[in-house]
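The values are calculated or read from the model by the stated rules, or taken from the named source; none is laboratory data. Note that the structure is predicted; figures quoted are calculated from it, not measured. Positions of Cβ are backbone-derived with ideal geometry, glycine not excepted, and every protein chain shown enters the neighbour counts. These area figures cover heavy atoms from the full protein model, side chains too; ligands, DNA and RNA do not enter into them. Shrake-Rupley method; radii C 1.70, N 1.55, O 1.52, S 1.80 Å.
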Amino acid sequence: MTPEPTTTTGTDDDTSSPPPGCPAHGRGPGGLHRLYGPEAEDLAALYEQLREEHGPVAPALLHDDVPMWVVLGHTENLHMVRTPSAFCRDSRIWTPLIEGMIKPDHPLMPHIAWEPICSYAEGDEQLRLRGAVTGAMATIDHRSLRRYIYRSTQHLVNQFCERGSADLVGEFAEHLPMAVICEVLGMPEEYNDRLVQAARDMLKGSDTAIASHGYVLDALQRLTARRRQQPTEDFASHLVLDSAQLTDDEVTKHLWLVLMAAYEATVNLTANVLRMVLTDPGFRARLNGGQMTVPQAVEQSLWDEPPFSTVFAYYAKHDTELGGQHIKRGDGLLFGIAPGNVDPRVRPDPTAHMMGNRSHLAFGGGPHECPGQDIARGIADTGVDALLMRLSDIRLAVPEEELSWTQSISSRHLVELPVAFEPKQQQDVMAKPSHKPLPPPRDSRRVGVPAAAQPEPAPAAPETEEPAPQPGAWQRFVRWWRGY
């Protein structure tokens with residue numbers, strides 16, 4: 001937004017600042033709310049305050065008091081992302097950047113800096129780059145991928161199942177997406193603890209983030225070079241071979257985009273779904289009563305706790321209006337996923353179950369809608385379901401109130417999810433299918449309920465001499481689907 005001294009949304013009129021003692025004292029220039037600092041410790045509450053004061057589109061301030069519109073309404077967000085004639089993702093037209101308000105060390109610079117990738121491109125160039133990415137995505141065999149997710153889950157659970165305790169964030173949710181994404185891209189040999197740590201390091205923006213960035217980028221550059229010389233049937237090879245004729249730099253940049261965006265989103269989604277099934281009594285009852293499936297729990301989590309709270313940013317290509325606000329050419333707008341998901345006009349009761357409704361904003365929309373959303377869903381629902389099958393008595397090891405999150409303007413990340421369960425034996429994750437009878441069905445007791453509080457099982461029927469029946473077609477299909 002462009003500052004105007006005659007309006008309350010300006011940012012350079014000192015006379016408009018509230019006097020000491022005023023309830024608005026401590027806000028930024030023009031009395032605008034800051035999306036950083038002490039006032040923004042609870043961003044969800046701040047978004048609701050902005051909605052009450054300004055409606056579905058509200059003026060606010062980023063770090064260094066850079067002006068930015070926050071789109072809070074569900075309808076307004078969809079209109080913005082679906083109207084490329086009026087809004088784009090090219091920060092080079094952003095007025096504060098052109099006028100020098102953005103310093104080189106601005107904390108949001110990684111989101112601001114324009115790159116020649118499909119997420120920022122427009123028109124024919126966006127179609128060329130996006131077409132290569134979606135074309136490569138279309139070659140993924142999702143049934144095979146789910147089997148790989150299942151086996152990767154078993155491998156990870158084997159690391160802690162004999163211990164009887166685990167941190168499902170650090171030992172599961174942060175590892176499973178990286179293992180699967182490395183397989184999809186075509187570099188399973190690169191998956192290790194170091195790669196996971198490097199990705200987490202970059203996303204945290206620590207002092208070693210630059211070195212971690214170099215480590216990940218080097219792995220992707222090696223992958224690009226290998227597939228240029230010897231293509232196979234993986235995602236990287238299809239990018240290299242696409243008719244769009246991407247350069248090595250374009251291939252590497254898009255591998256980077258897929259790796260980091262998919263990784264952060266899927267880590268948060270997996271952790272949030274696990275927390276939900278472990279802490280919400282209603283979900284535990286529905287899951288065990290057969291009314292709620294894990295994929296439905298995934299969709300509910302995408303409504304309540306989307307992997308990305310906001311996406312930075314869209315920019316107005318010309319003067320326009322949105323949500324009753326006059327938006328000027330060059331204004332920046334924050335895509336408000338989390339506040340849009342709780343817009344009272346589409347969700348009057350934010351605690352209501354959405355029953356698998358997929359009209360949330362978690363994966364965006366329009367030309368830049370997330371092309372890998374089915375992979376994220378597959379990792380979360382297959383991984384969580386497989387973990388619950390292995391550890392049917394799993395329960396939270398600390399009171400729910402002790403769980404903590406790290407929060408930024410873009411996402412909210414669960415720090416730890418400590419759990420306990422009865423120690424289990426390891427499983428052979430590569431066991432080949434056989435004609436042995438299927439194992440007994442999963443314990444129908446509630447997830448997270450201590451064993452002492454659960455009813456004793458009924459006595460087993462006496463054994464007979466009859467031979468075990470051979471599995472039927474449906475049982476063989478289920479066993480194949482789960483990767484046995």
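Out of residues 5 or more away from LEU72 or on other chains, whose amide H comes under 5 Å of its own, with H placed 1.01 Å from N in the peptide plane?
Under 5 Å from the amide H of LEU72 lie the amide H atoms of VAL57, ALA58, each far enough along the sequence or on another chain.
What is the sum of charges around MET68, taking Lys and Arg as +1, Asp and Glu as -1, for the other residues whose C-beta is under 12 Å from the C-beta of MET68?
Local net charge: -2.
If a paramagnetic tag sat 7 Å from the Cα of HIS318 along the Cα-Cβ line, which residues of segment 83-104 would have the backbone N under 15 Å from that point?
Label zone hits: 83-88.
Give the accessible surface of segment 73-149 per residue, rounded to a whole number of Å², with probe radius 1.4 Å and ligands, DNA and RNA excluded.
On a per-residue basis, 48 Å².
Rounded to the nearest 20 Debye, what is the dipole magnitude of segment 58-167 about its Cα centre when Lys and Arg each give +1 and Asp and Glu each give -1 at the C-beta?
Magnitude of the dipole: close to 720 debye.
Taking the Cβ of THR351 as the centre, find all other residues whose Cβ is under 11 Å away and add up their charges (Lys, Arg: +1; Asp, Glu: -1).
-2
So if R0 is 60 Å, what FRET efficiency would ASP90 and ASN158 give, r being the distance between their Cβ atoms, rounded to the nearest 0.05?
It comes out at approximately 0.80.
Stretched out fully, how many nm does the piece from ASP64 to LEU127 gain, at 0.36 nm a residue minus the Cα gap?
Additional length available on full extension: 19.2 nm.
Can you compute the charge dipole magnitude of segment 175-260 about its Cα centre, using +1 on each Lys and Arg Cβ and -1 on each Asp and Glu Cβ, nothing else charged? Give it in debye, rounded to the nearest 20.
Once rounded to the nearest 20, the dipole reads 100 debye.
Excluding same-chain residues fewer than 8 positions from LYS328, which aspartates and glutamates have a Cα within less than 14 Å of its Cα?
GLU4, ASP319
Provide Rg and Dmax in Å for segment 161-281, with only Cα atoms included in the calculation.
For segment 161-281, the Cα-based Rg and Dmax read 16.1, 54 Å.
With 13 Å as the cut-off, how large is the P(r) tail for segment 116-180, expressed as percent of Cα-Cα pairs?
Value for segment 116-180 (Cα pairs over 13 Å): 71 percent.
Roughly speaking, what is the stretch gain from MET260 to ALA138, that is 0.36 nm per residue apart minus the C-alpha to C-alpha distance, in nm to one decimal?
Gain on stretching MET260 to ALA138: 42.0 nm.
Just read off the accessible area of TRP94 with the full protein assembly in place, 1.4 Å probe, to the nearest 10 Å².
Only protein atoms counted, so the area is about 0 Å².
Could the peptides 385-391, 396-402, 355-361 be put in order, highest first, of the mean number of other beta-carbon atoms found within 10 Å of their residues?
385-391, 355-361, 396-402
How much length is gained on full extension from ARG358 to ALA211, taking 0.36 nm per residue of separation minus their Cα-Cα distance?
Once the chain is fully extended between ARG358 and ALA211, it gains 49.1 nm.
For segment 173-239, list log₁₀ I(q)/I(0) at each q in 0.23, 0.29 Å⁻¹, using the Debye formula over Cα point scatterers of equal strength and ignoring solvent, two decimals each.
At q = 0.23, 0.29 Å⁻¹ the computed log10 ratios are -0.97, -1.23.
Tally up the carbon and sulfur contribution to the accessible surface of segment 58-145 as a whole percent, 1.4 Å probe, everything protein left in place.
It is 55 percent, rounded to a whole number.
Given segment 71-228 reduced to its alpha-carbon atoms as identical point scatterers, what log10 I(q)/I(0) does the Debye formula return at q = 0.15, 0.17, 0.18 Å⁻¹?
Normalising to I(0) and taking log10 leaves -1.15, -1.29, -1.32.
Please label the shape of segment 23-128 as rounded, prolate or oblate, based on the square roots a ≥ b ≥ c of the eigenvalues of the alpha-carbon gyration tensor (a/c under 1.5 means rounded; beyond that, a/b larger than b/c means prolate, else oblate).
Note, shape of segment 23-128 comes out oblate.
Quickly work out the ASN192-to-GLU99 label distance, labels modelled 7 Å from Cα along the C-beta direction, and quote it in nm with one decimal.
Modelled inter-label distance: 5.0 nm.
Let me cross-check ARG222: its accessible surface, 1.4 Å probe, with only protein heavy atoms counted, in Å² to the nearest 10?
Accessible area of ARG222: about 90 Å².
To the nearest 0.05, how large is the calculated FRET efficiency for GLN230 and GLU400 if R₀ is 56 Å and r is the Cβ-Cβ distance?
It comes out at approximately 0.65.
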